[in-house]
Amino acid sequence: MSPRTNDSTRGSGQEATPPAGAPTASEARAASEVRAASEARVASEVRAASEVRAASEAPAASEGPAAAQAPRAASTAERVDALRRFAAAVRRGRGPHLTSCAVLLAVAMTAGAVAVGGDGRDAARAVPGVSRAVDADVLVRGDLDTAIRSLQAHVREQPRDFGAWATLGTAQVERARTDGDPSRYARAERAFARSLALRPGNDRALAGQAALAAARHDFAAALDHADRALELNPYSERALCSRIDALVELGRYEEAAKAATVADRRRPGVPVFTRYAYVRELRGDVRTARRVLHQALGTAAGPADVAYVATALGNLERGQGRYGIALRHYARALAADDAHLPALEGRARAQASAGDRAGAITTLEQVVTRSPLPGPLVALGELYEDRGDHAKAREQYALVDAWTALARAGGVDVDLDTALAAADHGDPAEALRAARAEWDRRRTVHTADALAWALHRAGRSAEALPYARRATATGYRDAAFLHHRGIIEKATGHDRAARAYLTAALELDPGFSPLGARAARAALKDLEAAR
């Protein structure tokens with residue numbers, strides 16, 4: 001998974017204007033306290049649901065093969081119904097109904113057997129055409145659900161196979177990243193622990209733990225696990241890739257570039273090529289990033305690789321405003337794997353940017369039904385808002401809060417997601433708290449942008465300006481970053497810089513956000529009128 005995937009949520013950039021009859025400061029504080037108490041109750045209920053679910057899944061030491069049993073996956077209808085009921089509760093208000101819906105959401109999203117019945121045995125037994133001893137390569141080139149079922153069957157029969165436990169953990173991490181189900185991280189953690197108990201210090205489990213820590217946004221731990229794995233096996237592809245991811249997400253870009261060069265020398269291939277390209281893109285070298293991704297596409301060995309790399313190319317071209325080329329790459333990705341969610345999301349964003357808002361909404365509705373992650377939820381909400389459907393927009397923004405509560409219960413650091421979504425569609429004070437917390441953990445261009453925008457939305461534009469400038473200092477060209485800097489430059493009286501950055505944002509990617517692009521054009525119009 002590209003490092004960008006972890007931090008994909010982008011705010012709209014729409015300027016805040018206080019509504020008529022806005023609450024006083026004391027009223028706002030009181031509302032904030034009530035909301036905090038309600039959120040604490042929700043988090044408590046989610047934790048309780050998680051504990052019940054974990055107790056039903058976690059095997060005792062003597063259970064042996066039973067440890068591989070997994071709860072039944074929720075149907076799409078169950079997940080969507082739970083999400084909508086939770087969002088409706090959020091919109092209506094607080095109280096017992098909200099907390100009960102939080103429990104429902106936590107269980108339905110993870111589909112614990114304790115709630116819906118079944119133990120997954122039949123699914124694990126009947127996997128035609130797949131070897132019981134699934135190699136780790138299947139995780140890259142095969143179907144993840146098939147791989148997980150096969151691995152579960154295998155470790156039931158051979159519970160002391162430490163390598164299979166490590167591979168099962170890695171499969172759960174990868175599946176969580178694609179279906180937005182953070183409960184899988186706890187399952188992955190238990191699988192890695194079992195692998196290490198059977199073979200202490202084995203590099204496959206350590207590399208898996210690095211990937212798990214990165215997925216949970218604990219990048220310092222990811223780097224530590226990756227380094228330990230590489231001490232044992234310097235050629236571990238997963239550890240090499242997790243090390244690049246961790247360094248990128250910690251803002252240590254020079255070290256990340258060196259790590260990518262080392263990985264390319266030791267294990268050239270699609271996972272390394274895509275990370276190498278992203279490191280180059282972060283430094284403003286789009287030409288090299290494009291060339292490397294085309295090279296990776298040429299070496300892609302199976303449908304999963306083709307879908308992954310073609311999507312990365314689509315994202316790169318979309319970010320440069322080349323929507324037609326991006327759509328062709330997404331089409332190639334979906335021809336290889338018609339269920340590849342990142343390609344569907346990318347196609348929807350490119351459709352919206354190219355003016356096909358109806359097509360974008362239809363595609364994003366498919367995405368969030370299957371994977372209700374903050375990025376596509378915010379994008380869909382903004383498209384609804386742009387067409388005037390404010391009720392549906394509020395539902396999507398409420399679902400971001402629901403996902404955030406579940407992710408926190410699954411041990412995921414979601415402060416960056418919270419900051420970006422809340423700054424434009426929630427509580428500016430919460431956005432600022434989350435952005436500061438994330439900045440304290442890691443100093444990246446993404447966290448600099450999030451903190452700058454949160455400060456601006458909180459009315460502290462002078463404090464925001466140094467962070468906005470830092471977000472654009474590496475040469476990385478992102479229209480949302482440029483837009484944010486332009487708005488902040490304008491708010492601090494730097495009109496010439498404001499015009500330059502707002503113009504650059506719209507020239508680079510004129511459709512980067514339906515609301516943000518509109519705000520950028522309006523700000524430019526104001527600047528021209530003031531000349």
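The values are calculated or read from the model by the stated rules, or taken from the named source; none is laboratory data. Small disclaimer: the values here were computed from a predicted structure and weren't measured. Cβ coordinates were reconstructed from backbone atoms using ideal geometry, including for glycine residues, and neighbour counts include every protein chain displayed. Note: accessible area is taken over every heavy atom of the protein model, side chains too, but ligands, DNA and RNA are not part of it. Shrake-Rupley method; radii C 1.70, N 1.55, O 1.52, S 1.80 Å.
The table below gives the values:
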quantity: Looking only at segment 481-504, and only at residues there that are touching a Gly at 6+ places or on another chain (Cβ under 6 Å) and among the hydrophobic types (A, V, I, L, M, F, W, C), the one that is surrounded by the most Cβ atoms within 10 Å (Cβ to Cβ); calculated: Leu502
quantity: Selection status of Gly355, open to solvent by 40 Å² or more (accessible area, probe 1.4 Å), more than 28 Å from Arg443 (Cα to Cα) and touching a residue at least 40 places away in the same chain (Cβ under 8 Å); calculated: yes
quantity: Positions within segment 405-416 being open to solvent by less than 10 Å² (accessible area, probe 1.4 Å) and under 21 Å from Ala186 (Cβ atoms), in sequence order; calculated: Ala407, Val414
quantity: Checking Asp122 against (1) surrounded by 19 or more Cβ atoms within 10 Å (Cβ to Cβ); (2) at pLDDT below 50; (3) part of a helix (DSSP H, G or I), the condition it does not meet; calculated: (1)
quantity: Selection count, segment 257-308, where residues are among the charged types (D, E, K, R), assigned to a helix (DSSP H, G or I) and closer than 14 Å to Glu237 by Cβ; calculated: 5
quantity: Residue in segment 165-187 that is more than 12 Å from Leu212 (Cα to Cα), open to solvent by 40 Å² or more (accessible area, probe 1.4 Å) and basic (Lys, Arg) present; calculated: no
quantity: Flag for Glu438 being assigned to a helix (DSSP H, G or I) and open to solvent by 10 Å² or more (accessible area, probe 1.4 Å); calculated: no
quantity: Selection status of Ala520, surrounded by 15 or more Cβ atoms within 10 Å (Cβ to Cβ), in contact with a Phe, Trp or Tyr (Cβ under 6 Å, 6 or more places away or on another chain) and within 25 Å of Ile361 (Cα to Cα); calculated: no
quantity: Residue ID - surrounded by the most Cβ atoms within 10 Å (Cβ to Cβ), chosen from residues in segment 283-305 that are within 22 Å of the chain's Cα centre (by Cα) and of a type in the set (A, V, I, L, M); calculated: Leu293
quantity: Leu416 within 28 Å of Glu395 (Cα to Cα), assigned to a helix (DSSP H, G or I) and of a type in the set (A, V, I, L, M, F, W, C); calculated: yes
quantity: Hits in segment 474-511 - residues which are in a loop (DSSP other than H, G, I, E, B) and small (Gly, Ala, Ser); calculated: Gly475, Gly493, Gly511
quantity: First in segment 169-190 and in contact (Cβ under 8 Å) with a residue 24 or more places away in the chain and among the aromatic types (Phe, Trp, Tyr), second anywhere and open to solvent by 10 Å² or more (accessible area, probe 1.4 Å) and not in a helix (DSSP H, G or I), Cβ under 9 Å, 6 or more apart; calculated: Tyr185/Arg216; Tyr185/Gly410; Tyr185/Gly411; Tyr185/Val412
quantity: Where a residue in segment 464-483 is of a type in the set (D, E, K, R) and its partner, wherever it lies, is assigned to a loop (DSSP other than H, G, I, E, B) and surrounded by fewer than 21 Cβ atoms within 10 Å (Cβ to Cβ), with Cβ under 7 Å and at least six apart; calculated: Arg477/Gly284
quantity: Scope segment 451-480; condition crowded, with 18+ Cβ neighbours inside 10 Å, of a type in the set (Lys, Arg) and farther than 24 Å from Tyr253 by Cα; matching residues; calculated: Arg457
quantity: Extreme residue, modelled with the lowest pLDDT, among residues of segment 267-316 that are among the polar types (S, T, N, Q) and either touching a Ser or Thr at 6+ places or on another chain (Cβ under 9 Å) or closer than 18 Å to Tyr330 by Cα (or both); calculated: Thr299
quantity: Restricting segment 457-505 to residues that are aliphatic (A, V, I, L, M) and in contact with a Lys or Arg (Cβ under 6 Å, 6 or more places away or on another chain), the residue that is nearest to Thr418 (Cα to Cα); calculated: Ala480
quantity: Qualifying positions in segment 300-310 - free of Cβ contacts under 8 Å to residues at least 40 places away in the same chain and either in contact with a Leu (Cβ under 9 Å, 6 or more places away or on another chain) or among the basic types (Lys, Arg) (or both); calculated: Val306, Ala307, Val309, Ala310
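Let's see how each residue does on (1) assigned to a loop (DSSP other than H, G, I, E, B); (2) farther than 19 Å from Val400 by Cα; (3) touching an Asp or Glu at 6+ places or on another chain (Cβ under 6 Å):
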{"residue": "Arg347", "(1), (2), (3)": "no, yes, no"}
{"residue": "Ala358", "(1), (2), (3)": "no, yes, no"}
{"residue": "Glu365", "(1), (2), (3)": "no, no, no"}
{"residue": "Thr369", "(1), (2), (3)": "no, no, no"}
{"residue": "Leu377", "(1), (2), (3)": "no, no, no"}
{"residue": "Gly381", "(1), (2), (3)": "no, no, no"}
{"residue": "Gly388", "(1), (2), (3)": "yes, yes, no"}
